[in-house]
Every structure is written in structure tokens, then in C-alpha cells.
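Nothing in this text is a laboratory measurement; each read-out follows from the coordinates by a stated rule. Everything numeric in this text was worked out from a predicted model, so none of it was measured. Neighbour counts are summed over all protein chains in view; Cβ atoms, including those assigned to glycine, are modelled from backbone coordinates with ideal geometry.
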Amino acid sequence: MKSKRFNLANISKSLGLKKTYFASHVFDSRIDAGFDQDKSYKKVWQHFKGWEIETEKPVFDPEVFTMMDFRLKWKDSTSFTYVLPNKPTRALIEFTFFAPFFIPAGDYDKYLQRYIDQFLKVGKYTIKNVEQGIIPMSDYPFHQHHQKNITKIGTGGGWVRPSSGYSFRNSSRYVKQLIENIKSGRSAHQGITRNRFRTYDTIFLICSRIIMKWVNHYLLRCIAKTPFSKFLSFLMKRPPFLKMPGLFPLLKNGHF
Ligand SMILES: Cc1cc2nc3c(=O)[nH]c(=O)nc-3n(C[C@H](O)[C@H](O)[C@H](O)COP(=O)(O)OP(=O)(O)OC[C@H]3O[C@@H](n4cnc5c(N)ncnc54)[C@H](O)[C@@H]3O)c2cc1C
């Protein structure tokens, strides 16, 4: 579908596959082509595959989930496994990457299988559902593609948190704000994604708690750049404050 502003009468025109639509305002969740073309921003992909498995024996505790298990890792990458049980015999096992590269499709399955065999050891199981996704985590200024009558939303609007790849919380907040803006006659996207702060979002909140106020834009750009695993393991371990200076040389040498 293509969208463009219809010069006369301030109406947006969207060309669908079969039909042309006219509206006074279009909400567009497609990622702008500029995102692929622009190499000046950092891009990390959260890509993953998950199996929802059912075991013969009750082996899971539905009250306990595993957020990021780093025991099984794809070499030189930030990769980890989630285990999200919803019944004693059922859980979603997800092998996830935060990486600037992709892997052969079949390799997710190998790692899921390996994780279940080596770490979960749940005995016999069957795969009930499969889910897979790729989420861009980037400091790209998605907001620059808003137009007067075309508001970018979702991933294409920069609603995904660059540090975590999550968007649901932002989506519910931003939709509310969007509706309030429209009701009040303001520009629909006003105050929604202020790019200057968007990048800082989760990373900054987490970092500022543990590595104080010197966390700056340079660090944030570096985080998205290369071995994110180093930074994440740093975050996970939460070293004491006195050990913090150890991070400075890494920053200086561009290791992050
Ligand atoms: C398996 C999986 C699990 C996830 N789990 C979580 C989670 O737990 N928490 C979280 O915060 N995020 C999660 N995410 C990420 C979250 O789903 C996405 O970040 C979010 O849905 C992005 O919203 P969006 O509006 O950009 O895209 P979508 O939700 O994909 O919506 C885009 C819509 O536009 C339609 N569309 C696309 N192109 C066109 C076109 N040319 N013409 C017409 N229609 C079109 C699509 O069909 C789709 O319905 C998960 C993603 C996946 C795949």
C-alpha cells in the first residue's frame, strides 16, 4: 500500500492492492524505506523462534519463568533462551538473539532442541505451536516520516524500545496520547516519540541506576553497535560501583 498526501483538500490518499482509499488522516505502521537505506544509525535485530511444547510429565512451574538464560549461546553473540510455562505440562521455549546478523533458519530449531535436551531435560514432549519474529532495535529517527496527515505508528513510528525490542507498553501509552491529541486538535503525533529521548528510554533507565549519570549518548550508540553481549552481561551482573571504572577503557577503545 502506498500513501501520499493529496495536495488539494488536505486529504491523504492510500493506494491499496485493489483499491484506493481517501481519508483525512492515515495511520501508517509500515517501516519507511529510509530505514534500510540509511546506514548512519545503529541497527540490532531481535530475532527469535519459539516452540510451545507439551510434556508428558508435569515438569514446569507456571509461577516461574526464565527471562534470559545465557547458558546456551550462539558464538560471539547475545543470544539466550526464554522459558515461559503456562501449565505444568506446557511452556513456550524461545531462542532469541540481539544481534546485527541473522542465522540459517534451521539453526533456531537445533538450539531449541539442544536447550530442551541439555538444560530442561523434560523427557518426551510434542511441539504444539511455533512462533517466530524479527524486531528492529535502532536509534533511527522513525518520527521523521510523520507528515501532517500521515502519522507513523508501531515499529514504523518508532514505538519499539531500542533496548529491549518490546513495544506493547509503548503502544498502549502512545495510542492513548494519540487519541488525546486528536481530540484536542493537536498534531496527532505530538509528544509521542521525541527521538532525542527515545533512544535513552530503557537503556538509560537501566544504566543510570547502575552506572550513574555519566551514561551518555556515546555509550548508547556503542551499545547498539557491537558485542552487545558484553554490555548485557555487565547489566545482568550489576558490579559494585567501584568496579565501574573498568568500563571506561572499553568505551574508549570502542569495544562496546
Ligand atoms: C512472536 C512474537 C512475539 C512478540 N512478543 C512481544 C511481547 O511479548 N511484548 C512486546 O512488547 N512485543 C512483542 N513482540 C513485538 C510486537 O509484536 C511488535 O513490536 C508489534 O506488534 C509491532 O507493531 P506494528 O504495528 O509495527 O506491527 P504489527 O503488529 O505487525 O502490525 C502491522 C499490521 O499491518 C499490516 N500490514 C503490513 N503491511 C501492510 C500493507 N502493505 N498493507 C496493509 N496492511 C499491512 C500487517 O498485516 C499487520 O496487521 C512480539 C512479536 C512477535 C512476532
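Assign one of three labels to the stretch 94-144, namely rounded, prolate or oblate, based on the Cα gyration tensor with a ≥ b ≥ c the square roots of its eigenvalues; rounded applies when a/c is under 1.5, prolate when it is not and a/b is larger than b/c, and oblate otherwise.
Taking the square roots of the gyration eigenvalues as a ≥ b ≥ c, the stretch 94-144 is prolate.
At a Förster radius of 51 Å, what calculated FRET efficiency corresponds to the Cβ-Cβ distance of residue 71 and residue 182, to the nearest 0.05? Before the final figure, lay out the partial values.
Values: r = 48 Å, r/R0 = 0.94.
Here the calculated transfer efficiency is 0.60.
Net charge around residue 106, counting only other residues with Cβ within less than 13 Å of its Cβ (Lys, Arg = +1; Asp, Glu = -1)? Don't skip to the answer; put the middle values down first.
Working: positive: 49, 110, 114; negative: 107, 109.
Computed value for this residue: +1.
Taking 7 Å along the Cα-to-C-beta vector as the label spot, tell me the residue 175-residue 18 distance in nanometres, rounded to one decimal.
2.6 nm
Enumerate by residue number the chymotrypsin sites (Phe, Trp or Tyr not before Pro) in the stretch 77-157 meeting two conditions: DSSP loop (anything except H, G, I, E, B), and at most 11 other Cβ atoms within 10 Å of the site's Cβ. Walk me through the numbers on the way to the answer.
Numbers: sites: 80, 82, 95, 97, 98, 101, 102, 108, 111, 115, 119, 125, 142; in loops: 101, 102.
Those that pass, being in a loop and sparsely packed, are 101, 102.
Just to confirm a number: summing +1 for Lys and Arg and -1 for Asp and Glu over residues other than residue 62 whose beta-carbon lies under 9 angstrom from that of residue 62, what do you get? Each step should come with its number before you reach the end.
Working: positive: 87, 90; negative: 61, 63.
So the surrounding residues net to 0.
Past the 18 Å Cα-Cα mark, which pairs from 75/110; 49/128; 152/176; 42/110; 43/148; 43/73? Provide the component values of the computation, followed by the final result.
Details: 75/110 14 Å; 49/128 14 Å; 152/176 15 Å; 42/110 29 Å; 43/148 27 Å; 43/73 20 Å.
Too far apart for the 18 Å limit: 42/110; 43/148; 43/73.
I need the per residue convex hull volume for the stretch 43-137, using only the alpha carbons, in cubic angstrom as a whole number. Walk me through the numbers before you get to the answer.
Working: hull volume 8.5 nm³, N = 95.
Convex hull of Cα atoms, per residue: 89 Å³.
Would you kindly derive the ³J(HN,Hα) couplings of the stretch 115-124 from the backbone phi angles with the Karplus curve 6.51 cos²θ - 1.76 cosθ + 1.60 (θ = phi - 60°), listing them in order in whole Hz, with x for Gly and Pro?
Whole-Hz 3J(HN,Hα) from phi for the stretch 115-124: 4, 5, 5, 7, 10, 7, 6, 9, x, 6.
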